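Undergrad: What follows is a structure written as structure tokens; I'll ask about it next.
The values are calculated or read from the model by the stated rules, or taken from the named source; none is laboratory data. Note that the coordinates shown come from a computational prediction; the quantities given were computed from them, not determined experimentally. Cβ placement follows ideal geometry from the backbone for every residue including glycine, while neighbour counts extend to all protein chains displayed.
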Amino acid sequence: MVHKAPTSRHVVSTIARRELRLAWQLRLVKILALFSILPVLVITTVLVGQAWLDKNFSRTLDWDPVYRFLEVQTRVVVLLALGLGTPSIARDRHEDVLFLYATRPVLPWHYTIGKLTSVWAPVALLLCVPAAVVALLQAGILVHVTFAQSGLMIAKAVLVAGATATGLAGMTVGCSAVTKQTRWAVVLAIILLTVPDGLAQGMFGTDAVPVGPVRSSTFLTAFLFNDGKDRAMIGLLGFGVLLAWGLLGYMGIHARAKKEMIP
Amino acid sequence: MAEAWIELENVSVRRSGRPVLVDISAAMRGKAVGLVGANGSGKSTLIGTLLGVLRAESGVVRVLGYRLPEMAMEVRARAGVMAEQAGIFPGGSGVDAVAFAGMLSGLGRSDALRRAHRALDALAVGEERYRSTSGFSTGMKQRCKLAMSLVQDPEILILDEPTIGLDPPGRVQLLGLIRDLRDQGRRILMSTHIMADAEVVCDEMLLLSEGTVAYHGTKQQLTGSTGGPISAEGYGIDATFAALLTSYGVVVTKVRPNGVMFVANDDSHWRAFWRVVAERHAEVRSLGPELASLEDAVVHMMEGTEHHGT
């Protein structure tokens, strides 16, 4: 007999792991997850080429592989986040199982964090781990890059990965809490990913403030890795927008869970 | 007397500003308690309150000695719930859903899987357990839901309409399983509209009507307390006896070869009965209220409450 209330950590990780296990059953998610390895392979190949050029011709390519990787990988993980996040709550609501969670030692916030984590963790890992590998490779094979510089790059990559994953998780899972049909959650998420930024750019040009998570992530990455100080404001704004999407998603899901986790 | 495992003291619950449970009190001690009442009588609200999902506006709610909603997590860890309106955790196979239910109650993955198989074995779910739950028949869904409620080996079971949608053989089988669980020592609260189910499983009844307790007590008391007809049997109690009884203004509802059933609402009816016994030199061998079926008793009780209310 168990008969002891489980810890919050146990409940949250149980919910998140099941979501990931279910998502992994989808062919599309498998393909996207595998596809997300591609950028790191390409970047690593270029990095080796750069080391060879550096050694034989004393020529360096004017690029930052970690920055380039994050820029490309963000686009890939957006698709993965859509695949992981949009079905998660819509499916539960469609099957009327939210009250079933309430019959277990599960609170609305356990449910909310569990669902968000099921998107946050893989997205953050797919951004962060390969970026860290590239940063370490850079320090290992390029003469002019030290391990200290590499460590700083990893810290920046962790920040970008964490914030981007927060924004994408909040947006995609939040959309899933709005409807009982996964397809409508996907449509809503795509609209939110494209339309607000498209409108902002249409009205204010390419320097328009970021509104969606993808552009916010791009500005944050650019600020931390590329453009530096002159893009600080917009980079920090991007960071704030990503956190705001995460918070908005949390509040939406929690409100939904609180409302429907009753008989 | 057994210790009460559900205690309600002057409990009132409002939902959307409307009073749903009004000042109800009951201490449930039975092995299996039947929770019955019409739609909207407050059964689901009571279940929600017993799980700490809904907060009582006033009064004290205790389950297994744990006060609610403060100790809701403790109660939920000890309770297996089969909810009528909820489905099965979607997306995976039957065994996956049952194991997930166990993990949510605190089991580790391998332990939950082992127990899930054991629960499904006990409910005679075969290879279907590996199929996606989306293709399950109603009977299989009900078994799977019962397995989800049993997987963590709970102390108490809260079953909300467990046999709904089942065909007669499936219903009999599931009721047998529930009765076995009761006999194994699990406390059961079974909410049902089907009185025959309560009759088979329950030894104590809680009848709700418009948010109040219309009846709480043993099943035997309920079936014998309807104020229904009196059955008299013996030598000389026949059709002539019945005719004489009717002539004294007593309503006779049934005449048997050696007995009659009559309605005795006041002393004059009883006096008439004994006068006829004396006149006919009849020998009364048995005399007592005709036991009603649980369904009759509940309907009678609910009608009485409605009339009382109006």
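Undergrad: In the stretch A:114-134, which residues are among the small types (Gly, Ala, Ser) and farther than 15 Å from A:Leu159 by Cα?
TA: A:Gly114, A:Ser118
Undergrad: Residues of the stretch B:60-87 being within 7 Å of chain A (Cβ to nearest Cβ) and not in a strand (DSSP E or B), which ones?
TA: Initially, the stretch B:60-87 is screened for residues within 7 Å of chain A (Cβ to nearest Cβ), giving B:73-74, B:76-78, B:81, B:83, B:85-87.
Once the filter is applied, which keeps residues that are within 7 Å of chain A (Cβ to nearest Cβ) and not in a strand (DSSP E or B), the stretch B:60-87 yields B:Met73, B:Glu74, B:Arg76, B:Ala77, B:Arg78, B:Ala83, B:Gln85, B:Ala86, B:Gly87.
Undergrad: For the stretch B:117-124, state whether one or more residues are over 30 Å from the mean Cα position of the chain (by Cα), of a type outside the set (D, E, K, R) and modelled with pLDDT under 95.
TA: So far as the stretch B:117-124 goes, no, none of its residues is over 30 Å from the mean Cα position of the chain (by Cα), of a type outside the set (D, E, K, R) and modelled with pLDDT under 95.
Undergrad: Would you call A:Lys156 among the charged types (D, E, K, R) and assigned to a helix (DSSP H, G or I)?
TA: Values: among the charged types (D, E, K, R): yes; assigned to a helix (DSSP H, G or I): yes.
Judged against the criteria, A:Lys156 is a match.
Undergrad: Would you please name the residue that is surrounded by the most Cβ atoms within 10 Å (Cβ to Cβ), looking only at residues in the stretch B:104-115 that are of a type in the set (A, V, I, L, M, F, W, C) and more than 8 Å from chain A (Cβ to nearest Cβ)?
TA: Checking each candidate, the answer is B:Ala112.
Undergrad: Applying the selection to the stretch B:15-51, what residues are within 13 Å of chain A (Cβ to nearest Cβ) and basic (Lys, Arg)?
TA: Listed by number, the residues that qualify are B:Arg15, B:Lys43.
Undergrad: Please indicate, with yes or no, whether at least one residue in the stretch A:181-196 is surrounded by fewer than 20 Cβ atoms within 10 Å (Cβ to Cβ), closer than 30 Å to A:Asp54 by Cβ and touching a residue at least 12 places away in the same chain (Cβ under 8 Å).
TA: Within the stretch A:181-196, not a single residue is surrounded by fewer than 20 Cβ atoms within 10 Å (Cβ to Cβ), closer than 30 Å to A:Asp54 by Cβ and touching a residue at least 12 places away in the same chain (Cβ under 8 Å).
Undergrad: Still on this model: Which condition number in (1) under 30 Å from A:Val133 (Cβ atoms); (2) in contact with a Gly (Cβ under 9 Å, 6 or more places away or on another chain); (3) of a type outside the set (Asp, Glu) is the one that A:Pro105 fails?
TA: All conditions pass for A:Pro105, except number (1).
Undergrad: Looking at A:Gln138, A:Gln149 in this structure, which one is among the polar types (S, T, N, Q), crowded, with 24+ Cβ neighbours inside 10 Å and farther than 21 Å from A:Phe239 by Cβ? Walk me through how you get there before you give the answer.
TA: On the way: A:Gln149 fails: crowded, with 24+ Cβ neighbours inside 10 Å.
The unique qualifying residue is A:Gln138.
Undergrad: While we're on this one: Let me confirm something: among A:Val214, A:Val178, which residue is more than 14 Å from every other protein chain (Cβ to nearest Cβ) and either of a type in the set (Lys, Arg) or more than 30 Å from B:Val53 (Cβ to Cβ) (or both)?
TA: None of the others qualify; the one that does is A:Val214.
Undergrad: Take B:Ala101 and decide whether it is crowded, with 18+ Cβ neighbours inside 10 Å and within 9 Å of chain A (Cβ to nearest Cβ).
TA: yes
Undergrad: Still on this structure: Tell me, which residue of the stretch B:14-66 that is under 14 Å from the mean Cα position of the chain (by Cα) and among the aliphatic types (A, V, I, L, M) is surrounded by the fewest Cβ atoms within 10 Å (Cβ to Cβ)?
TA: B:Ala38
Undergrad: Among the residues of the stretch A:91-132, which ones are more than 10 Å from chain B (Cβ to nearest Cβ) and aliphatic (A, V, I, L, M)?
TA: A:Ile113, A:Leu116, A:Val119, A:Ala121, A:Val123, A:Ala124, A:Leu125, A:Leu126, A:Leu127, A:Val129, A:Ala131, A:Ala132
Undergrad: Next question, about the same structure. Checking the condition within 14 Å of chain A (Cβ to nearest Cβ) and of a type in the set (D, E, K, R), which residue from B:Arg179, B:Arg143, B:Arg118, B:Arg129 passes? Break it down into steps so the answer makes sense when it comes.
TA: Details: B:Arg179 fails: within 14 Å of chain A (Cβ to nearest Cβ); B:Arg143 fails: within 14 Å of chain A (Cβ to nearest Cβ); B:Arg129 fails: within 14 Å of chain A (Cβ to nearest Cβ).
Of the residues listed, the single one that is within 14 Å of chain A (Cβ to nearest Cβ) and of a type in the set (D, E, K, R) is B:Arg118.
Undergrad: Just wondering, is there one or more residues in the stretch B:233-247 that are outside any strand (DSSP E or B), of a type in the set (D, E, K, R) and modelled with pLDDT under 80?
TA: So the first thing to find is which residues in the stretch B:233-247 are outside any strand (DSSP E or B), and the list is B:236-247.
Filter once more, keeping what is of a type in the set (D, E, K, R): B:238.
Narrowing further to those that are modelled with pLDDT under 80: none.
The answer is no, given that none of the residues of the stretch B:233-247 is outside any strand (DSSP E or B), of a type in the set (D, E, K, R) and modelled with pLDDT under 80.
Undergrad: Let me ask you something else. Within the stretch B:235-257, how many residues are touching a strand residue (DSSP E or B) at 6+ places or on another chain (Cβ under 9 Å), within 19 Å of B:Ser286 (Cβ to Cβ) and surrounded by fewer than 17 Cβ atoms within 10 Å (Cβ to Cβ)?
TA: Residues in the stretch B:235-257 being touching a strand residue (DSSP E or B) at 6+ places or on another chain (Cβ under 9 Å), within 19 Å of B:Ser286 (Cβ to Cβ) and surrounded by fewer than 17 Cβ atoms within 10 Å (Cβ to Cβ): 6 in total.
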